[in-house]
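The values are calculated or read from the model by the stated rules, or taken from the named source; none is laboratory data. As the structure is a computational prediction, the values presented were derived from the model and not from experiment. We place every Cβ from the backbone using ideal geometry, glycine too, and count neighbours over all the protein chains shown.
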Amino acid sequence: MTDLVPLLLTPGPLTTSESTKRAMLRDWGSRDGRFVEMNARIRRRLVELAHGEGRFAAIPLQGSGTFAVEGMLGTMLPRDGKILLCINGAYGHRMARIVEMLGRAAVEYETAEDTPIDPAEVGRRLDADPAITHVAIVQCETTSGVLNPVAAVAAEVARHGRRLLIDAMSAFGALPLDTREIACDAIAASSNKCLEGVPGMGFVIARLEAIAECEGNAHALSLDLHDQWRFMERAGQWRFTPPTHVIAAFDQALTEHAEEGGVAGRGARYRENCRILVDGMRAMGFETLLPDALQAPIIVTFHMPADPNFAFQTFYDQLRDRGFVIYPGKLTVADSFRIGCIGRLSANDMQDALAAIAATLAGMGVTNCGPVPVARRATA
Ligand SMILES: *Cc1c(COP(=O)(O)O)cnc(C)c1O
């Protein structure tokens, strides 16, 4: 065993800075005035990232990102509401599962995992069904890495007088989501993706007028965002034990996000990471699932090589031993694996990862990194 700490080329949890990790070395009393201040600062910064000052509130919630999505759907969707779920991957399907468990009325508009949601089709579905009150969409579907046209979908939803809920989990902080231009009721994300904090906290940035109407909607006390919001506004405290160390790390991570130039700066580094990765992998013969125009600079899906010497588990294990953790595929349309561009990773780290990949493939005797030809892929 080696104690080499690998870099995480995954969609989260991901590699965090030394200073963010160090911010966790102190215990906080949850009623300590400085902790209360830190919490207020985090909430204010999150609203600023969405350009929602005076119109939106950030409501943090204990747990992973899914807790925030479940809190958002359960709280914002009235019991007699009906939601149109835009699905093109596992996270869209997860929202459908949540809504089903909530017992709320839902309809699904699904496209293939490599195909973005079509705003015009959303418009047609809304025309056809006046009972639909809400629409939900995933900004970057982490299953494939595809970017959905959230702004155009938001415009359709607004034109039809319906309300939009956005799972921006894997994009928030790196891709713009400006609530002055994108009409929505709520945005869900978490501490441990593009904001580069540690896992343990989700949050929802909710439109004030919308969340104010949501009393009594929620199905679960711990996921009731209206209650969490009201309590936090009144007392400055969390209702239940806050993840104090996660919050302290997140405060530091948000400072570093601002120092990097905010959403524009972080997004630029990730785009460069993505470009280096895709160029380098293509040079080795790998093919990406998505054309560049549909690819978000978050995580890239590659087709499995057809070379008989290639075995994913061996590739994965040997790459980890060289200091890089990648991610298995989650697609139903193709045999694939994924490599993330997010987290505290530099251009140099991406170059090092490519060198480790080349060395690993050479060691395995893989000479052809191209995928199984499409004609033979169909039955896979
Ligand atoms: C990561 C992610 C989530 C939440 O996943 P957790 O494992 O609960 O943190 C939700 N939606 C998307 C698009 C994601 O990438």
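Checked against the criterion of being buried (at least 22 other Cβ atoms within 10 Å of the Cβ) and under 18 Å from residue 349 (Cα atoms), the stretch 304-313 has no qualifying residue. Residues that are of a type in the set (Ser, Thr, Tyr) and either under 20 Å from the mean Cα position of the chain (by Cα) or more than 13 Å from residue 60 (Cβ to Cβ) (or both) within the stretch 242-262 comprise just one, 255. When residues in the stretch 36-46 are screened for being more than 13 Å from residue 263 (Cα to Cα) and within 18 Å of the chain's Cα centre (by Cα), 0 of them pass. Scoring residue 291 on the criteria (1) in contact with a strand residue (DSSP E or B) (Cβ under 7 Å, 6 or more places away or on another chain); (2) closer than 24 Å to residue 116 by Cα leaves a single failure, condition (1). Tell me, please, whether a residue that is at positive phi, not charged (D, E, K, R) and not in a helix (DSSP H, G or I) can be found in the stretch 12-27. Yes, because at least one residue in the stretch 12-27 is at positive phi, not charged (D, E, K, R) and not in a helix (DSSP H, G or I).
For beta carbons closer than 7 Å, sequence separation of 6+ or different chains, a first residue in the stretch 134-154 that is assigned to a loop (DSSP other than H, G, I, E, B) and among the β-branched types (Val, Ile, Thr) and a second that is within 10 Å of the ligand (Cβ to nearest atom) and at pLDDT below 95, the qualifying pairs are 142/11. Residue 11 versus (1) within 30 Å of residue 352 (Cβ to Cβ); (2) in contact with an Asp or Glu (Cβ under 8 Å, 6 or more places away or on another chain); (3) buried (at least 18 other Cβ atoms within 10 Å of the Cβ): which is the lone unmet condition? Answer for residue 11: the failing condition is (2). When 76, 101 are checked against the criterion of being free of Cβ contacts under 8 Å to residues at least 40 places away in the same chain, at negative phi and more than 13 Å from the ligand (Cβ to nearest atom), a single residue qualifies: 101.
Screening residue 357 with (1) touching a strand residue (DSSP E or B) at 6+ places or on another chain (Cβ under 9 Å); (2) within 23 Å of residue 193 (Cα to Cα) gives one miss only, at (2). For the condition in a helix (DSSP H, G or I), farther than 24 Å from residue 66 by Cβ, hydrophobic (A, V, I, L, M, F, W, C) and not assigned by TED's automatic domain parsing to the domain that holds residue 338, residue 120 qualifies. Provide a single number: the residues in the stretch 198-255 that are away from the ligand (no atom under 16 Å from the Cβ), over 30 Å from residue 26 (Cα atoms) and of a type in the set (Gly, Ala, Ser). Result for the stretch 198-255: 5.
For residues that are out of contact with any Gly (no Cβ under 7 Å at 6 or more places or on another chain) and in a strand (DSSP E or B), scanning just the stretch 63-93, find the one that is surrounded by the fewest Cβ atoms within 10 Å (Cβ to Cβ).
It comes out as 82.
Applying the condition of being hydroxyl-bearing (Ser, Thr, Tyr) and within 16 Å of the ligand (Cβ to nearest atom) to the stretch 116-152 and asking which residue is surrounded by the fewest Cβ atoms within 10 Å (Cβ to Cβ) yields 143. The residues of the stretch 153-197 that are β-branched (Val, Ile, Thr), more than 12 Å from the ligand (Cβ to nearest atom) and buried (at least 24 other Cβ atoms within 10 Å of the Cβ), listed by number, are 153, 157.
So is residue 233 in contact (Cβ under 8 Å) with a residue 24 or more places away in the chain, part of a helix (DSSP H, G or I), surrounded by 17 or more Cβ atoms within 10 Å (Cβ to Cβ) and among the acidic types (Asp, Glu) or not? No.
Checking every residue in the stretch 317-338 against the condition of being under 26 Å from residue 265 (Cβ atoms), touching a Gly at 6+ places or on another chain (Cβ under 7 Å) and at pLDDT 95 or above gives at least one match.
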